[in-house]
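Participant: Okay, handing you the structure first.
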Amino acid sequence: MDAVLRRSHPEAGGPPTLRFYQWSQPTLSLGAGQKLPPSLSLKRLQSLGVAVVRRPTGGRAVLHNGDLTYSVVAGAREGFPVSVTLVYRHLCRALQAGLAKLGLQTSTVAIPSPSSHNFDCFARVGSGDLTWQGKKFVGSAQAWQGRTFLQHGSILLTSQEGTWRQLLNASNQETAHPVISLSEILDYQPSLNRLKDALRQGFQEELGLTFNSGDLTSWELAQLPAELAATAQL
């Protein structure tokens with residue numbers, strides 16, 4: 001759906017779109033150009049009960065297990081600069097505005113990683129990420145089609161430490177940066193409705209857009225089967 005929405009914006013005049021969703025089982029999403037390390041095979045992941053998908057955005061692997069995923073599709077038509085870095089900054093401010101409604105103050109300072117070849121997205125802090133007291137809890141990635149962008153992000157709601165320990169042991173890698181979850185920061189788990197509403201308000205205020213509930217257009221629905229077929233295999 002995210003890939004179709006990214007196409008719809010420039011090709012069919014689709015509106016800017018903000019989505020929130022979760023995953024039906026623990027799932028590892030690989031960046032668009034990322035490969036699994038030899039020691040972390042599909043068979044090994046299956047034995048751990050972890051599914052694998054490849055997302056259309058770049059970056060490194062994200063474990064979707066106790067997180068909230070967001071996606072944003074928009075572009076130059078809405079006044080965004082055609083710049084990965086500037087859009088990251090703009091959307092970080094939107095995320096920060098939403099999280100501030102929960103009483104959470106965050107940082108966007110990128111912190112150098114000891115290695116540029118980490119498998120795990122949360123093993124480093126980049127320009128599109130958010131931290132709290134130096135610990136990362138939001139990771140984001142982007143992909144562009146002409147003057148339209150799709151940005152994905154994962155907001156950690158609960159700790160993923162146990163599952164990541166299994167995965168990283170399998171791939172012989174170490175987490176290189178401290179990670180924290182939203183429930184650990186706030187010392188309680190906000191309801192999904194409250195969190196999504198706060199984030200939506202933050203995006204609206206920062207981006208100057210109004211997001212209304214809606215469904216896929218007939219054009220978008222017609223593109224889904226082909227998009228699913230194209231992305232069915234890693």
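Participant: Just subtract the alpha-carbon distance of GLU227 and GLU11 from 0.36 nm times their residue separation and send over the number in nm, one decimal.
Facilitator: Additional length available on full extension: 76.3 nm.
Participant: Measure off 7 Å from each Cα along the Cα-to-Cβ vector at GLU161 and LEU216, then give the distance between these two points in nanometres to one decimal.
Facilitator: Calculated label separation equals 3.9 nm.
Participant: Still on this structure: Between PHE20 and GLN145, with labels modelled 7 Å along Cα→Cβ, what's the label distance in nm to one decimal, could you check?
Facilitator: 2.5
Participant: For LEU221, LEU199, what ranking results if the residue with the fewest other Cβ atoms within 10 Å of its Cβ goes first?
Facilitator: Ordered from fewest to most neighbouring Cβ atoms within 10 Å, LEU221, LEU199 come out as LEU221, LEU199.
Participant: Could you grab the relative contact order for the chain? Cα pairs under 8 Å, six or more apart, rounded to a whole percent.
Facilitator: In percent, rounded to a whole number, it is 24.
Participant: For LYS35, which lysines qualify as cross-link partners when the Cα separation must be under 19 Å and same-chain residues fewer than eight apart are set aside?
Facilitator: Excluding near neighbours in sequence, the set is LYS43.
Participant: Let me ask something else about it. Order of 21-28, 186-193 by packing, highest average Cβ count within 10 Å first?
Facilitator: 21-28, 186-193
Participant: Order these peptides, 77-86, 121-130, by their mean beta-carbon neighbour count within 10 angstrom, highest first.
Facilitator: Output ranking for 77-86, 121-130: 121-130, 77-86.
Participant: Before rounding to the nearest 500, sum -39500 (n - 2.57) across all DSSP H runs of length at least 4 in the chain and divide by the residue total; then give [θ] at 222 nm in deg cm²/dmol.
Facilitator: It lands at -10000 deg cm²/dmol.
Participant: Using θ = phi - 60° and the Karplus relation 6.51 cos²θ - 1.76 cosθ + 1.60, list the HN-Hα couplings for segment 179-189 in order, rounded to whole Hz, with x at every Gly or Pro.
Facilitator: 10, 9, 10, 4, 5, 6, 5, 7, 6, 7, 9
Participant: Taking the alpha-carbon centroid of each part, what is the distance from segment 23-66 to segment 196-231 in angstrom?
Facilitator: Each part reduced to its Cα centre gives a spacing of 23 Å.
Participant: For LEU192 and ALA51, FRET efficiency with R0 = 30 Å and r from the beta-carbon atoms, rounded to 0.05?
Facilitator: 0.90
Every read-out reported here was derived from the displayed coordinates using simple, explicitly stated rules and does not represent laboratory data. This one's a predicted model, so the numbers in the text were calculated from it and none came from an experiment. Don't worry about glycine lacking a Cβ; one is built from the backbone with ideal geometry, like all the others, and counts go over all protein chains shown.
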